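What follows is a set of notes on a single structure, which appears directly below.
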Amino acid sequence: NTTTKSIVVSNIDKVKPVITIGDYNKAWTNKDVVVTAKTDKGTLNATSHTFTANGSFEFVATDEAGNVSKKTVTVNNIDKTKPSLSLTPSTTKPTNKDVTITVKASDVGSGVQSITLPDDKIVTGAETAYTVSKNGTYAFKVIDKVGNVESKSITISNIDKTKPVITIGDYDKSWTNKDVVVTAKTDKGTLNKTSHTFTANGSFEFVATDEAGNVSKKTVTVTNIDKVNPSLSLTPSITKLTNKDVVITVKASDTGSGVQ
């Protein structure tokens, strides 16, 4: 005796779900990146994920039969960090020359787009130089390729293009048979000499030099020293034997102050 019976099995499902990732921004950005996902069956642990920073997220789809699919999305195009900016003057010591500021920018993400100079000129790239001729505060701005901005200023205070002022003290300008001492002072810097003694007529140059290298010169000329004895000539009216009075002609001369 035989009995035949059939059974239909339809609950076997060994096919894993298929996860499809939606299009999302893969270009450099300083905004959040939203990634969406969908599955052909089952449920997802998340239908979207918002990346506020670079990183990875794993979407997991599980169907009713227990089949599991996983898909990891990695985002590395988010740049929310400001670029860095360094400003270096050619010298910090006193100078009477222009100062050149070396400008260097860097960005660990999207890269440097441009640098804006104090005169509003825009330079493309990460490095440039800016020359200033006077003291002041100078502002620079760098922007990266996604729009992050960093601003920085530098104060230049070591430019000095003003020459020292030499002041000559009062000294004897009337005729004299003594030495003449001339003194000098400067409003800044140092003098080659603070005084000079004239033992005879002549000139002397005072030179003042400040820390920035500015130089002033002032020449003093003395012409009133007379240390030479005057000359005297005596001439008799008659040099032969005579019974008359003799008149002596007296003549004096002086090349300096003159005969008193």
Exercise. For the chain, with all protein chains present and a 1.4 Å probe, just round the carbon and sulfur fraction of the accessible area to a whole percent.
Key: 49
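So which chymotrypsin sites (Phe, Trp or Tyr not before Pro) in region 153-260 pass both tests, a DSSP loop state and at most 14 other Cβ atoms within 10 Å of the Cβ? Don't skip to the end; give the middle numbers.
Working: sites: Tyr171, Trp175, Phe198, Phe204, Phe206; in loops: Tyr171, Trp175.
For chymotrypsin sites (Phe, Trp or Tyr not before Pro) across region 153-260 that sit outside H, G, I, E and B with at most 14 neighbouring Cβ atoms in 10 Å, the list reads Trp175.
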Quiz prompt | Dipole magnitude of the chain, debye to nearest 20 (Cβ charges: Lys/Arg +1, Asp/Glu -1, about Cα centre) | solution = 260
Quiz item: Any idea how far the Cα center of region 1-51 sits from the one of region 218-245, in Å?
Solution: 131
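With every protein chain kept in place and ligands, DNA and RNA left out, what is the accessible area per residue of the chain? Probe 1.4 Å, answer in Å².
Details: 17160 Å² over 260 residues.
I get 66 Å² per residue for the chain.
With a cut-off of at most 13 other beta carbons within 10 Å, and DSSP calling the residue loop, which trypsin sites (Lys or Arg not before Pro) in region 213-246 qualify? Please list them. Before the final figure, lay out the partial values.
Details: sites: Lys217, Lys218, Lys227, Lys240, Lys244; in loops: Lys227, Lys240, Lys244.
Of the trypsin sites (Lys or Arg not before Pro), the ones in loops of region 213-246 whose Cβ has at most 13 other Cβ atoms within 10 Å are Lys227, Lys240, Lys244.
Please list Asp187, Asp170 from largest to smallest accessible area, probe radius 1.4 Å, with all protein chains kept in place.
Numbers: Asp187 105, Asp170 150 Å².
From most accessible down to least: Asp170, Asp187.
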Quiz prompt | Distance from region 84-123 to region 128-172 (C-alpha centre basis), Å | solution = 13
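Let me spell out the model: positive unit charges on the Cβ of Lys and Arg, negative unit charges on the Cβ of Asp and Glu, origin at the Cα centre of region 1-143. What dipole size does that give, in debye rounded to 20?
Details: 17 positive and 13 negative charges, 37 e Å.
Charge dipole, region 1-143, about its Cα centre: 180 debye, nearest 20.
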Quiz item: So how exposed is Thr183, as accessible area in Å² (1.4 Å probe, rounded to 10)?
Solution: 60
Practice problem: Could you pull out the trypsin sites (Lys or Arg not before Pro) across region 1-94 that fall in loop regions by DSSP (anything but H, G, I, E, B) with no more than 11 other Cβ atoms inside 10 Å? | Solution: Lys5, Lys14, Lys26
Quiz item: Across all directions of projection, what mean area in square nanometres is found for the Cα convex hull of the chain?
Solution: 26.7
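The values are calculated or read from the model by the stated rules, or taken from the named source; none is laboratory data. No experiment lies behind these values; they were computed from the predicted model shown. So basically every Cβ, Gly included, is an ideal-geometry build from the backbone, and we count neighbours across all protein chains shown. Accessible surface is based on the protein model in full, side chains and every heavy atom, while ligands, DNA and RNA are left aside. Shrake-Rupley method; radii C 1.70, N 1.55, O 1.52, S 1.80 Å.
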